[in-house]
Structure formats: C-alpha cells, structure tokens
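To start, the structure under review is shown below, and the notes come after it.
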Amino acid sequence: MAAGIFTDDLFLQHDTGRSHPESPSRLLAIRERLEGGLASHFKTLSRRFADPTQIQLIHDGRYVQELERFCNAHGGYLDGDTPVSDQSYRAALLAAGAGLEAADQIQSGNISRALLLVRPPGHHSLVQRAMGFCLFNNVAICARYLQLLGHKKIAIVDWDVHHGNGTQDAFYEDPSVLFISLHQYPFYPGSGAASETGRGAGAGTTLNCPLPAGSADAEYKQAFEKKILPALEQFGPNAILISAGFDAHRDDPLAGMLLTATSYEWMSRKLRDFADSHCDGRLISFLEGGYNLDALADSVEAHASVLI
Ligand SMILES: [Zn+2]
C-alpha cells in the first residue's frame, strides 16, 4: 500500500524572524534532501485547509478567532518564544488540514500511511493558547478526526525531545487515546514525569518515558521494548500517530540527547511494524521539532525510508 507525503510553500511563509530556531529553512533542508530521492516513492497528498470548526475538535473557538485576528494584524509574539507572521494562521490551518487529508486518504484506501512535513508544529499548543513554537495541535486534531471516521482507539507516540504537554492535556482524561511521550527530563516545558499517567476515565492511558540528558540509543530502545511496545499491545489502537520531532539528535542545538539518524530509523520501523500488524498499516507522522538542519535532513530521510 502506498504512503502519502505532504508539504507546501505556504509553510515557508510562517515567518518567525531571522534568528528563530523554528525557521522555514528547516523545511527547505528536508525538501532538498528528499526531492529527487525518497519523495518520488510517496504519493503527494492534496492541499487542504482545516475548517476553523475542525480546529475546534481540540481548541477553544475564541483562541482560533484571536489567532486569526492577531495574524491579520501582522502578527508578533504570542508568548516569549512563539512569533507569528501575517501568513501564520493560514499556514496553521494547512498544517492541521494535512492531517485531515491524510486521514481521509487512508479511509478511502488510497494510502496506508503518511508523512506530513508541516510547520508550525503542534504538540505544545494548548486548548486555549499557543505555546512553544506551536499554534494548533495538528496530531491531536487528527486523532479526533480519525475517531469521527470510526477509528475509536488512537495511539499517539511523541518522540520529540520535549514533552508533548499540549497533546497530553487534550487527552488526559480520555481513555480512547493512548498518549506516549519519550523526552528529556527535567527539561522544557517541565511536565512529563513518569507519575503523570492520566486522570479519571483516562487513568492509565498516558505513558511518560522521561529520560535524562545524555540518553542515547540504548535508553530509547529499552523504553520502546520494556514500556512502549507492551503498552501499545495492551491498548490495541486502530491507528498510530507520531509526533515526529528530531531534536533528540546528538547535534541538535536546543537539547542534550545523543540519538543519530539511525535511531530514528529504528523507532520508525518498530512503529511501522506495529501499525502493519495491529492497525491495518494506519500510521500518520507529523513533523514537530529538530533544529540542526543537517541532522534534521538526515533524520527525516531515515524516517521516510521506513515509511515508503
Ligand atoms: Zn522539541
């Protein structure tokens, strides 16, 4: 079964300023690496903007309106590290829309998995506000949309080096979504202790794997084999979503982990194989962080090589 891919020039117009690490050059570095190479093995997905009401599968309507107004008024900083430009709202609707299009294409049997090279990223964004370079929670919106299509149990695996606090919050009391995060800890944004396991009906469907700075392949593999794969087996999801940040690479300037591109290939293969054997192949991967351009291109290429 084919794999889909999506990226778009509009994502380059989410202009975060000259010195911001979450820059358009990240996508350009990835595109340069994949074009003429692995990209030809993927089916290109159609361009689709999420409707603001679909953003409200996760986010508060007032936040969506405020973000639109703020961007239309030429943008600025939403919080200490989250700048937006006049095109950022549209770029964010397109990033979320990519997840909806991938879900529909999987539903109609045209593809079984998808790689979505989008920005702005999403996993820190909260119901009522932007946070940490993230505007709309693309992966969380996609999880809710897949549920509307009839896939009741969704697992989200977040291997970005930062804890996916926004995604965790969205599903913390929801037993239908298993949220799993591997991240440097203690570290930004501060959450993600192993003791955070969900609340109420959602007790037990959040799995945090906090790892100390300096962790490498061995620690990640151990977390996968001892915790993550058994949790996925036990939960029995209908689809796997990946918050694929590549900032745990050893060359990343924002964090202190020691992964290589090979580590991402290994994790990708584990999740692809799980999706193939348990979820009819359904897997959608969303780009989150990753700030060393060479390391990012290497890592995404390794990830993509497993998805084709
Ligand atoms: Zn990150």
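Every number here is computed from the coordinates shown, using simple stated rules; none is lab data. Bear in mind the structure is a predicted one, so any value in this text is a computation, not a measurement. Methodologically, a virtual Cβ is constructed for each residue, glycine included, from the backbone with ideal geometry; neighbour enumeration extends over all protein chains shown.
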Legend entry - Arg18 being charged (D, E, K, R) and buried (at least 20 other Cβ atoms within 10 Å of the Cβ): no
Inset, instruction - Collect the residues in region 259-277 that are crowded, with 19+ Cβ neighbours inside 10 Å and of a type outside the set (Lys, Arg), keeping them in residue-number order. - result: Leu259, Ala261, Ser263, Tyr264, Met267, Ser268, Leu271, Phe274, Ala275
Legend entry - Boolean, Tyr220 is in contact with a Leu (Cβ under 9 Å, 6 or more places away or on another chain), among the hydroxyl-bearing types (Ser, Thr, Tyr) and within 22 Å of Asp81 (Cα to Cα): no
Inset, instruction - For region 233-254, enumerate the residues that are in contact (Cβ under 8 Å) with a residue 40 or more places away in the chain, farther than 16 Å from Val139 by Cβ and either more than 16 Å from the ligand (Cβ to nearest atom) or of a type in the set (Val, Ile, Thr) (or both). - result: Glu233, Phe235, Gly236
Inset, instruction - Considering each of Met267, Met257 in turn, give the residue that is within 16 Å of the ligand (Cβ to nearest atom), within 30 Å of Arg144 (Cα to Cα) and of a type in the set (A, V, I, L, M, F, W, C). - result: Met267
Inset, instruction - For Ala91, indicate whether it is surrounded by 23 or more Cβ atoms within 10 Å (Cβ to Cβ), in contact (Cβ under 8 Å) with a residue 60 or more places away in the chain and away from the ligand (no atom under 16 Å from the Cβ). - result: yes
Inset, instruction - Give the number of residues within region 10-33 that are within 19 Å of the chain's Cα centre (by Cα) and not β-branched (Val, Ile, Thr). - result: 14
Inset, instruction - Please state which of the following conditions Gly192 fails to meet, knowing it meets all the rest: (1) over 27 Å from Phe136 (Cβ atoms); (2) within 16 Å of the ligand (Cβ to nearest atom). - result: (1)
Inset, instruction - Determine which member of the set Asp169, Asp174, Asp158 is closer than 30 Å to Gln105 by Cβ and surrounded by 24 or more Cβ atoms within 10 Å (Cβ to Cβ). - result: Asp158
Legend entry - Filter pass, Ser305 being buried (at least 21 other Cβ atoms within 10 Å of the Cβ), polar (S, T, N, Q) and either outside any strand (DSSP E or B) or away from the ligand (no atom under 13 Å from the Cβ) (or both): no
Inset, instruction - Identify all residues within region 133-155 that are within 15 Å of the ligand (Cβ to nearest atom) and either part of a strand (DSSP E or B) or surrounded by fewer than 22 Cβ atoms within 10 Å (Cβ to Cβ) (or both); write none if there are none. - result: Cys134
Inset, instruction - Kindly check whether there is at least one residue in region 278-286 that is assigned to a helix (DSSP H, G or I) and surrounded by 21 or more Cβ atoms within 10 Å (Cβ to Cβ). - result: no
Inset, instruction - Kindly indicate whether any position in region 233-252 is closer than 16 Å to Tyr185 by Cα, small (Gly, Ala, Ser) and either in a loop (DSSP other than H, G, I, E, B) or touching a Gly at 6+ places or on another chain (Cβ under 8 Å) (or both). - result: yes
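Among the candidates Asp174, Asp160, single out the residue that is of a type in the set (Asp, Glu) and within 16 Å of the ligand (Cβ to nearest atom). Working first, answer last.
Numbers: Asp174 fails: within 16 Å of the ligand (Cβ to nearest atom).
None of the others qualify; the one that does is Asp160.
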Legend entry - Pairs with Cβ under 7 Å, 6+ apart, first in region 204-226 and part of a loop (DSSP other than H, G, I, E, B), second surrounded by fewer than 21 Cβ atoms within 10 Å (Cβ to Cβ) and of a type in the set (A, V, I, L, M): Gly214/Leu258; Ser215/Leu258; Ala216/Leu258
Inset, instruction - Please work out if Ser125 is in contact with a strand residue (DSSP E or B) (Cβ under 8 Å, 6 or more places away or on another chain), within 16 Å of the ligand (Cβ to nearest atom) and among the polar types (S, T, N, Q). - result: yes
Inset, instruction - Go through (1) free of Cβ contacts under 8 Å to residues at least 24 places away in the same chain; (2) under 25 Å from Gly132 (Cβ atoms) one by one and return the number of the condition Asp273 breaks. - result: (2)
